[in-house]
Amino acid sequence: GVGSRWTQGAGVCKALHPFHRFAGKHRSFLEIHLAKNRAATSQHGGVIPHVITTSWMTDEAIRTVLDRTRNYGHHGPVHVSSGRSVGLRMVPMVRDLHFLWEETAQQVLDQQQQKMRESARSAIVNWAEQTGEGSDYTDNVAAQCVHPVGHWYEVPNLFRNGTLSQLLRDQPSLRYLMLHNIDTLGANVDPALFGLHIESGATLSYEVIPRRLEDRGGGLALVAGRPRLVEGLAMPDERIEFGLKYYNSMTTWIDIDALLEAFGLDRDSLNDASAVDTAVREMAARLPTYITLKEVKKRWGHAQEDVFPVAQFEKLWGDMTTLSDIDSRFIVTPMRRGQQLKEPSQLDGWNRDGGSAYVDALCKW
């Protein structure tokens with residue numbers, strides 16, 4: 001994605017932002033991850049193929065920079081996994097708009113400003129009713145009408161675009177993947193955690209960290225006697241989310257063959273596009289779908305623009321833990337390993353508490 005929180009809506013590729021100085025040079029998120037790969041292979045030997053998942057918003061930019069920098073000087077195999085899923089935004093339901101305006105906390109304005117706000121909201125309700133609640137949102141430029149459909153699709157994209165098949169052809173002995181966010185800078189191929197995952201025999205091992213106040217996005221909970229990750233979007237009250245002790249860092253150790261079996265696939269059937277597409281659709285149908293409201297801009301005239309709320313759907317990777325037939329385990333890891341940098345305002349604290357020094361020690365520049 002483009003890291004909308006990191007750039008405050010600037011729409012640039014977060015992975016390529018040279019945000020911090022290491023070894024005398026400003027480094028991007030992507031360069032830091034490749035430096036960690038370089039350090040791990042240098043210390044332990046072997047080859048660790050590195051895969052970067054992209055969407056239509058970031059694919060061209062990432063490929064261009066990797067080509068220009070020769071993979072930031074990284075000599076191991078680097079693959080770019082292009083997104084294969086895209087959603088079309090919808091005109092929101094009026095009841096969802098009322099819920100947004102009446103149930104969520106917001107500033108109370110003075111009398112005149114409040115009248116203006118209510119007038120604008122009334123106009124938006126009329127727009128939704130006249131356009132058609134729940135209909136496709138197409139009255140804008142294409143980039144404002146489509147949206148990413150959630151990070152659950154990143155692993156299935158490896159199946160659909162041939163990246164996983166290519167990895168297995170290049171290295172038939174490959175049995176495990178480690179999945180993590182671009183902004184989880186402390187995550188590396190730690191031998192102890194890797195061994196723990198192998199020893200457990202789990203299909204998926206999720207890393208969780210102690211929750212801090214700014215961590216939003218769900219966490220580890222006991223549901224009907226079974227531990228699983230619960231997304232913040234699934235909770236009826238945000239206070240429940242803050243009651244959870246452990247936050248989902250999203251870093252996941254994956255047993256490739258066990259996951260393929262859960263999808264009804266194997267290494268050979270990865271080459272059958274029809275079978276893969278069917279397997280992905282069937283698995284997606286078993287998982288919850290979240291509807292969220294986003295604001296989009298519609299520009300007109302001379303530098304004039306309107307802002308409309310639109311609805312979009314997402315499926316999230318943590319919900320794989322809801323499936324009882326998939327063996328999911330959870331590993332509590334230190335904060336520095338799972339901390340995510342979502343906003344530039346976190347950088348000062350990250351430097352002061354030793355987070356940047358910790359990441360630097362994991363890298364080989």
- From the residues in the stretch 320-357 that are under 19 Å from the mean Cα position of the chain (by Cα), of a type outside the set (S, T, N, Q) and assigned to a loop (DSSP other than H, G, I, E, B), which one is surrounded by the most Cβ atoms within 10 Å (Cβ to Cβ)? LEU341
- Note on the structure: Conditions (1) under 19 Å from the mean Cα position of the chain (by Cα); (2) buried (at least 20 other Cβ atoms within 10 Å of the Cβ); (3) of a type in the set (A, V, I, L, M, F, W, C) -> ALA202 fails only (1)
- Query: Restricting attention to the stretch 68-79, does a residue exist that is without any contact (Cβ under 8 Å) to a residue 12 or more places away in the chain, farther than 28 Å from SER165 by Cβ, of a type in the set (Lys, Arg) and out of contact with any Phe, Trp or Tyr (no Cβ under 7 Å at 6 or more places or on another chain)?
  - Reply: no
- Within the bounds of the stretch 88-99, is there any residue that is surrounded by fewer than 19 Cβ atoms within 10 Å (Cβ to Cβ), in contact (Cβ under 8 Å) with a residue 60 or more places away in the chain and part of a loop (DSSP other than H, G, I, E, B)? yes
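Okay, residues lined up against (1) of a type in the set (Lys, Arg); (2) under 24 Å from the mean Cα position of the chain (by Cα); (3) modelled with pLDDT of 95 or more:
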site	(1), (2), (3)
ALA123	no, no, no
VAL141	no, no, no
CYS145	no, yes, no
PHE159	no, yes, yes
ALA192	no, no, yes
HIS197	no, yes, yes
- For the stretch 50-76, how many residues are under 18 Å from the mean Cα position of the chain (by Cα), outside any helix (DSSP H, G or I) and within 21 Å of HIS180 (Cβ to Cβ)? 8
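Does the stretch 231-239 include one or more residues that are among the aliphatic types (A, V, I, L, M) and modelled with pLDDT of 95 or more?
Within the stretch 231-239, none of the residues are among the aliphatic types (A, V, I, L, M) and modelled with pLDDT of 95 or more.
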- Message: Checking the structure you have, find out if any residue of the stretch 100-113 is more than 24 Å from ARG281 (Cβ to Cβ), assigned to a helix (DSSP H, G or I) and touching a residue at least 24 places away in the same chain (Cβ under 8 Å).
- Response: yes
- Enumerate the pairs (first residue in the stretch 17-34 and farther than 16 Å from ASP348 by Cα; second residue anywhere and part of a loop (DSSP other than H, G, I, E, B)) with beta-carbon separation below 6 Å, excluding pairs fewer than 6 apart on the same chain, so at least 6 apart or on different chains. ALA23/TRP365; SER28/HIS17; PHE29/ILE182; ILE32/LEU185; LEU34/HIS74
- Query: Tally time: how many residues in the stretch 52-64 are surrounded by fewer than 18 Cβ atoms within 10 Å (Cβ to Cβ), touching a strand residue (DSSP E or B) at 6+ places or on another chain (Cβ under 8 Å) and modelled with pLDDT of 95 or more?
  - Reply: 1
- Condition set of a type in the set (Gly, Ala, Ser) and under 30 Å from LYS294 (Cα atoms), scope the stretch 1-49, selection nearest to the chain's Cα centre (by Cα): answer is GLY1
- Restrict the check to the stretch 190-208 and report whether at least one residue is farther than 30 Å from GLY349 by Cα and of a type in the set (D, E, K, R). yes
- Query: Counting residues that are surrounded by 13 or more Cβ atoms within 10 Å (Cβ to Cβ), among the aromatic types (Phe, Trp, Tyr) and without any contact (Cβ under 8 Å) to a residue 60 or more places away in the chain, which helices (runs of 4 or more DSSP H) fully inside the stretch 236-319 reach at least 1?
  - Reply: 238-242
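The values are calculated or read from the model by the stated rules, or taken from the named source; none is laboratory data. This one's a predicted model, so the numbers in the text were calculated from it and none came from an experiment. Here the Cβ is made from the backbone with ideal geometry for all residues, glycine too, and neighbour counts use every protein chain on show.
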